[in-house]
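To start, the structure itself, in structure tokens.
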Amino acid sequence: MPDRGGGPTGPRIRVGRPSRRVRTLLMTLGVLAALAMVFVMFAGFWTDWLWYRSVRYSSVFTTTLWTKIGLFAVFGLLMAGAVGLNVWLAHRLRPPLSAMSLEQQSLDRYRMGIAPYKKWVLLGVTALVGLIAGASATSQWRTWLMWVNGVPFGEKDPQFGMDVAFYAFDLPWYRFLLGFGFAAVVLSLIAAALTHYLYGGLRITSPGARATGAATGHLSVLLGIFVALKAVAYWLDRYGLAVKSSDFKATSNWTGLRYVDANAYLPAKTILFCIAIICAVLFFATLWRRTWQLPVIGFGLMVLSAILIGGLYPAIVQKFQVQPNEQAKEAQYIQKNIDATRKAYGIDGVKPTDYTGRGEIKDPKSQRAQADAAASYRINDPNIVSPTFQQLEQERKYYQFPATLDVDRYNGQDTVIGLRELNLQGVDKRNWINDHFTYTHGYGAVAAKGTETAKGTSGAPEFTESGLPSKGNLGDYEQRIYYGEKTTQYSIVGGPQKELDYEKDGGGQVTTSYDGKGGIDLSSPLNRAAYAVSFSEPQILYSGAIGEGSQILYNRTPKERVEAVAPWLTIDGDAYPAVVGKRIQWVIDAYTTTNGYPYASRTTLGDTTADSLTDRQRAVVAQQNQVNYIRNSVKATVDAYDGTVTLYEWDENDPVLKTWKKAFPGTVKDKADIPEELQAHLRYPQDMFKVQRELLSLYHVTEPAPFYNASDAWQVPNDPTKSDNNAVPPYYLSMKLPGQTEQQFSLTTTFTPSGRPNLRAFMAVDADANSKDYGKIRLMRVTDDKVDGPEQIQSRLNRHDPIANFVRDLKGADSTIKYGNLLTVPLDSGFLYVEPIYAQGRGSEYPLLSKVAVVYGQKIGFANDLGGALSQVFGEAGADEGTTPPSDPDQPPADPDQPPASGDAQLKDAIADAQQAYADGEEAIKKGDWTAYGKAQDDLRDALQRAADAEARLKEEAPQNE
């Protein structure tokens with residue numbers, strides 16, 4: 001019998017290698033795991049490709065991809081080649097090991113361990129550094145494309161006479177190449193030194209020579225290359241002074257040369273460049289001299305020179321030449337900075353004009369007529385009335401409006417508009433089918449007049465488009481909203497599963513099936529698997545709700561769609577909807593920027609574009625991007641139904657846009673291709689305006705001396721209607737400025753002196769894209785130092801007895817007061833302020849316009865409507881609350897045979913009616929009944945007017961009685 005491993009003490013357990021079956025299973029699992037990892041990576045790539053192809057911007061994907069692959073390959077190979085070559089060369093130059101020192105004997109085991117695998121070690125090391133370098137280089141794809149496609153600006157910097165394109169497009173690429181060169185040389189030097197040490201070319205503790213001649217020559221050449229690169233760095237640093245940032249007097253983002261730069265740093269960089277060249281030559285000379293004595297001395301002198309010439313000397317110049325007479329020394333450099341900054345931000349044509357600013361009532365009748373024509377006063381504040389839209393027009397709780405509505409123009413009127421977007425949080429039954437198949441889109445636009453409230457509603461907006469489906473002045477258009485600012489989840493549409501379109505008022509549902517072209521087909525098993533992996537949702541792979549015709553929609557907000565197809569643009573923080581060509585189009589302003597404009601001071605976009613609304617209601621243009629050149633070069637649209645993204649050229653002279661158009665040909669349409677109907681809704685962007693107003697707070701000064709002294713520095717005032725101490729937002733408003741014959745759609749803001757509350761300037765830009773003066777900024781400097789600013793005006797309103805009593809009464813009734821936009825309008829040498837005031841009663845979910853406050857000069861009006869407030873300001877005697885109401889059409893005409901009531905009787909009746917109306921209003925406030933309150937206010941206004949008429953009649957009858 002064969003021995004089966006037993007023994008006298010029992011069977012033996014044999015431990016050996018795993019069986020063939022186990023090894024096969026492990027290998028299979030390993031292969032499957034590897035394939036799974038590969039498919040995960042492939043899924044990300046494949047879904048990106050499908051998305052770009054669906055929006056017809058596949059060229060952006062391929063251009064970006066091939067650029068990254070090219071940079072990865074070229075710089076990865078260069079780094080790997082540089083390090084590998086130097087390791088190989090150090091190995092070839094190794095000395096014989098016949099007489100090893102004790103130091104070398106201790107390294108023998110490392111050499112013996114590496115010897116069988118030295119080729120693989122070399123390949124592994126070079127591959128690792130190559131992969132790291134290549135991956136790092138891919139992040140420079142924008143820098144490469146701008147360098148290779150750069151278009152001249154046609155403007156030269158005042159110091160070196162170089163085209164601005166050199167600083168914007170070329171210098172960043174040269175700096176990247178220089179940084180890569182330094183990294184390659186340093187890594188090669190480290191790798192070569194370790195190899196020489198391992199094989200005896202370098203010695204640390206052994207007696208005798210520390211390095212062989214071959215090792216000395218090799219390392220000296222590498223050090224020579226490093227010093228030569230340092231020489232190039234010194235030379236580029238000369239040009240870098242033109243775009244160097246520093247803190248200087250009035251601005252903390254000063255850019256460009258100052259006196260010490262031009263007269264100390266610039267010559268120092270030139271001298272250090274020459275010293276570095278000489279030092280590099282000395283290092284290269286060791287190939288023949290075989291000694292490091294001269295190179296080390298030269299390198300020491302270079303370091304000493306860098307300290308003395310590059311550091312100490314400029315400090316001495318600044319201390320003893322500049323500071324004693326800084327204003328005179330810096331004057332020409334301040335002027336260069338002013339000129340460059342104004343040009344880079346498009347404000348070079350802005351010249352302040354003097355404006356008294358003090359309003360006085362001189363001719364009430366004429367001034368009232370001017371006030372009526374000066375502006376279309378927007379009393380429906382888009383930042384306040386969103387809850388009112390939500391309450392009155394939400395229709396279903398799974399719809400929502402944005403927290404801040406938008407202002408546009410329809411039929412020649414300023415209009416407040418918002419889209420009824422999908423809100424999945426309002427769906428009663430949440431599950432995967434409902435979230436992604438049934439509830440897929442919003443429905444309809446809702447619009448209201450900006451200047452009026454609806455009659456008989458106690459302050460609700462006058463809707464011009466409302467209902468579900470929406471009906472009104474916007475006509476017939478596609479109302480389904482698959483792409484919107486609140487639509488962040490993916491949806492699967494167009495397949496066997498029907499979508500909820502909307503619910504009818506009387507019950508029942510209307511369903512639909514998406515037939516747009518904006519989605520990605522899911523009928524392919526490969527596509528379903530890829531999206532199941534990418535979205536970590538396995539149900540996509542096997543769900544029966546997906547079938548023939550199914551499409552997946554994602555990346556659905558307008559901002560992320562434009563950012564994806566044009567990653568070289570900076571996107572404005574506020575997309576707004578417009579009904580154009582029977583479709584809802586999201587309009588997005590996009591900017592081209594650079595931080596390489598010489599002498600132009602930088603600004604941080606995230607900080608500059610923030611105001612009292614951005615934190616909670618709208619995004620900022622960017623996070624913390626620092627730029628010193630910006631243009632609104634592109635207007636983009638996103639179709640709310642099928643997600644089509646269209647980019648239109650807007651600034652035809654912008655060299656940055658021309659550069660990107662060369663890099664991505666065919667992605668941006670010409671300005672002439674903008675449809676006429678769309679152009680009617682284009683406007684000057686808020687974020688661009690905010691950047692310009694921030695710069696003009698300092699750069700309205702064009703002379704060096706007052707700029708240096710900051711004697712006329714301005715600031716954007718805090719929003720007086722908010723308590724967060726953030727800047728007041730700019731407001732869109734149709735208005736007529738001094739010198740204009742008709743109202744223009746404008747974007748406006750105010751300035752106060754730095755650290756002071758009084759009004760210093762008013763700024764407005766023509767925001768209508770169809771206007772011949774589009775983009776023209778008008779800056780009116782207030783010459784009277786005692787004109788109240790926005791915060792002072794708000795304080796005056798708060799102290800005004802009628803307003804204070806009104807607020808106290810409402811708060812006593814447990815109601816909330818909301819102050820609307822404080823509009824500022826130039827009028828007859830002064831400024832007219834208009835502020836709508838909203839009341840939100842206890843238990844009420846939305847605010848209603850309750851009062852309007854008007855201030856002109858020392859006069860304050862406070863009434864139920866704008867007309868009444870204006871009448872109070874411009875001196876209509878006896879009209880405490882508005883103008884005389886029109887006659888009631890339902891009231892029967894007076895009997896001509898009946899003798900008129902006496903003035904005394906009329907007066908008594910009117911006073912009694914006024915007292916009753918006031919009491920009714922107080923009771924309505926306590927109950928939170930705003931409909932009753934509005935009726936009481938109308939009755940009070942009528943009674944007061946009748947009392948005034950009766951009093952006037954008594955005065956007329958008095959002489960006759962005598």
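The values are calculated or read from the model by the stated rules, or taken from the named source; none is laboratory data. Just so we're clear, the structure is a prediction, and the values are computed from it rather than from any experiment. Cβ atoms come from the backbone with ideal geometry, glycine included; neighbour counts cover every protein chain shown.
Only residues that are of a type in the set (Asp, Glu) and assigned to a loop (DSSP other than H, G, I, E, B): list them for segment 418-428, please. Working first, answer last.
So the first thing to find is which residues in segment 418-428 are of a type in the set (Asp, Glu), and the list is 421, 428.
Residue satisfying the conditions is Asp428 alone.
Which residue out of Leu219, Leu178, Leu189 is part of a helix (DSSP H, G or I), crowded, with 21+ Cβ neighbours inside 10 Å and touching a residue at least 12 places away in the same chain (Cβ under 8 Å)? Even if it seems obvious, please write down each step before you answer.
Details: Leu178 fails: crowded, with 21+ Cβ neighbours inside 10 Å; Leu189 fails: crowded, with 21+ Cβ neighbours inside 10 Å.
Selected residue: Leu219, the only one of Leu219, Leu178, Leu189 that is part of a helix (DSSP H, G or I), crowded, with 21+ Cβ neighbours inside 10 Å and touching a residue at least 12 places away in the same chain (Cβ under 8 Å).
Just wondering, is there one or more residues in segment 405-417 that are outside any strand (DSSP E or B), of a type in the set (A, V, I, L, M) and either out of contact with any Lys or Arg (no Cβ under 7 Å at 6 or more places or on another chain) or crowded, with 19+ Cβ neighbours inside 10 Å (or both)?
yes
Could you count how many residues in segment 535-568 are of a type outside the set (Val, Ile, Thr), crowded, with 21+ Cβ neighbours inside 10 Å and in a helix (DSSP H, G or I)?
Matching residues across segment 535-568 total 2.
Would a scan of segment 332-346 turn up a residue that is surrounded by 15 or more Cβ atoms within 10 Å (Cβ to Cβ), within 27 Å of the chain's Cα centre (by Cα) and closer than 30 Å to Glu485 by Cβ?
yes
Does any residue of segment 742-749 turn out to be farther than 26 Å from Gln794 by Cα, among the polar types (S, T, N, Q) and assigned to a helix (DSSP H, G or I)?
Scanning segment 742-749, I find no residue that is farther than 26 Å from Gln794 by Cα, among the polar types (S, T, N, Q) and assigned to a helix (DSSP H, G or I), so the answer is no.
Could you tell me which residue of segment 495-511 is nearest to Trp51 (Cα to Cα), considering only residues that are in contact with a Leu (Cβ under 9 Å, 6 or more places away or on another chain) and buried (at least 16 other Cβ atoms within 10 Å of the Cβ)?
Gly495
Of all the helices (runs of 4 or more DSSP H) wholly in segment 276-325, which have at least 3 residues that are of a type outside the set (S, T, N, Q) and within 15 Å of Ala228 (Cα to Cα)?
Filter on segment 276-325 gives 293-307.
Do we have Ala340 as among the aliphatic types (A, V, I, L, M) and modelled with pLDDT of 95 or more here? Lay out the reasoning, then the answer.
Working: among the aliphatic types (A, V, I, L, M): yes; modelled with pLDDT of 95 or more: yes.
Yes, satisfied.
Which residue is modelled with the lowest pLDDT, if the candidates are limited to segment 120-144 and must be in a helix (DSSP H, G or I) and of a type in the set (Ser, Thr, Tyr)? Write out each step before concluding.
Of the residues in segment 120-144, the ones in a helix (DSSP H, G or I) are 120-138, 141-144.
If we keep only those that are of a type in the set (Ser, Thr, Tyr) too, we end up with 126, 136, 138, 143.
Working: Thr126: 88, Ser136: 94, Thr138: 95, Thr143: 96.
Looking at the filtered set, the residue picked out is Thr126.
Between residues in segment 534-557 that are touching a residue at least 40 places away in the same chain (Cβ under 8 Å) and residues that are of a type in the set (Val, Ile, Thr) and in a helix (DSSP H, G or I), which pairs lie under 6 Å by C-beta distance while being six or more apart or on different chains?
Note: pairs meeting the criteria are Ser534/Thr47.
Which of the residues that make up segment 465-510 are in contact with an Asp or Glu (Cβ under 6 Å, 6 or more places away or on another chain) and free of Cβ contacts under 8 Å to residues at least 60 places away in the same chain?
Matches in segment 465-510: Gly472, Gln509, Val510.
Mind listing whichever residues of segment 703-728 are farther than 21 Å from Val787 by Cβ and crowded, with 19+ Cβ neighbours inside 10 Å?
Pro704, Phe707
What are the pairs with Cβ atoms under 6 angstrom where one residue, in segment 913-931, is within 18 Å of Ser815 (Cα to Cα) and outside the structural domain of Tyr846 (by TED's automatic domain parsing) and the other, located anywhere, is modelled with pLDDT of 70 or more and in a helix (DSSP H, G or I)? Sequence gap at least six, or different chains.
Close Cβ pairs (under 6 Å, with a partner that is modelled with pLDDT of 70 or more and in a helix (DSSP H, G or I)) amount to Asp920/Ala936; Gly921/Ala936; Ala924/Ala936; Ile925/Asp809.
Across segment 663-693, which residue is surrounded by the fewest Cβ atoms within 10 Å (Cβ to Cβ) among those that are more than 13 Å from Thr646 (Cβ to Cβ) and small (Gly, Ala, Ser)?
The selected residue is Ala672.
Given Lys351, Lys365, which one is part of a loop (DSSP other than H, G, I, E, B) and not acidic (Asp, Glu)?
Working: Lys365 fails: part of a loop (DSSP other than H, G, I, E, B).
Unique residue meeting the criteria: Lys351.
Among (1) of a type in the set (Gly, Ala, Ser); (2) surrounded by fewer than 19 Cβ atoms within 10 Å (Cβ to Cβ); (3) over 22 Å from Glu742 (Cα atoms); (4) in contact (Cβ under 8 Å) with a residue 40 or more places away in the chain, there is one condition Ala328 misses while meeting the rest; what is its number?
With (1) of a type in the set (Gly, Ala, Ser); (2) surrounded by fewer than 19 Cβ atoms within 10 Å (Cβ to Cβ); (3) over 22 Å from Glu742 (Cα atoms); (4) in contact (Cβ under 8 Å) with a residue 40 or more places away in the chain applied to Ala328, the lone miss is (4).
Need the failing condition index for Ala183 against (1) touching a residue at least 60 places away in the same chain (Cβ under 8 Å); (2) more than 26 Å from Ala133 (Cβ to Cβ), just the number.
Of everything listed in (1) touching a residue at least 60 places away in the same chain (Cβ under 8 Å); (2) more than 26 Å from Ala133 (Cβ to Cβ), Ala183 misses just condition (2).
Filter segment 274-318 for residues that are within 41 Å of the chain's Cα centre (by Cα) and not hydrophobic (A, V, I, L, M, F, W, C); which is modelled with the lowest pLDDT?
Taking segment 274-318 first, the residues within 41 Å of the chain's Cα centre (by Cα) are 310-311, 314-315, 318.
Among the residues that remain, those that are also not hydrophobic (A, V, I, L, M, F, W, C) are: 310-311, 314, 318.
Details: Gly310: 83, Gly311: 86, Pro314: 90, Gln318: 87.
For segment 274-318, the residue satisfying everything is Gly310.
Residue by residue through segment 849-873, note down the ones that are in a strand (DSSP E or B) and surrounded by fewer than 23 Cβ atoms within 10 Å (Cβ to Cβ).
Applying the first criterion (in a strand (DSSP E or B)) to segment 849-873 yields 849-856, 859-863.
Correct list: Lys859, Ile860.
Within segment 804-832, count every residue that is in contact with a helix residue (DSSP H, G or I) (Cβ under 6 Å, 6 or more places away or on another chain) and within 18 Å of Ile384 (Cα to Cα).
The number of residues fulfilling the criteria is 2.
Search segment 389-405 for residues that are without any contact (Cβ under 8 Å) to a residue 40 or more places away in the chain and basic (Lys, Arg) and pair each with any residue that is buried (at least 19 other Cβ atoms within 10 Å of the Cβ) and part of a loop (DSSP other than H, G, I, E, B) when their beta-carbon atoms are under 6 Å apart and the residues are at least 6 apart or on different chains.
So the pair list comes out empty.
Just one of Leu810, Leu822 is in contact (Cβ under 8 Å) with a residue 12 or more places away in the chain and assigned by TED's automatic domain parsing to the domain that holds Leu737; which is it?
On the way: Leu810 fails: assigned by TED's automatic domain parsing to the domain that holds Leu737.
Matching residue, one of Leu810, Leu822: Leu822.
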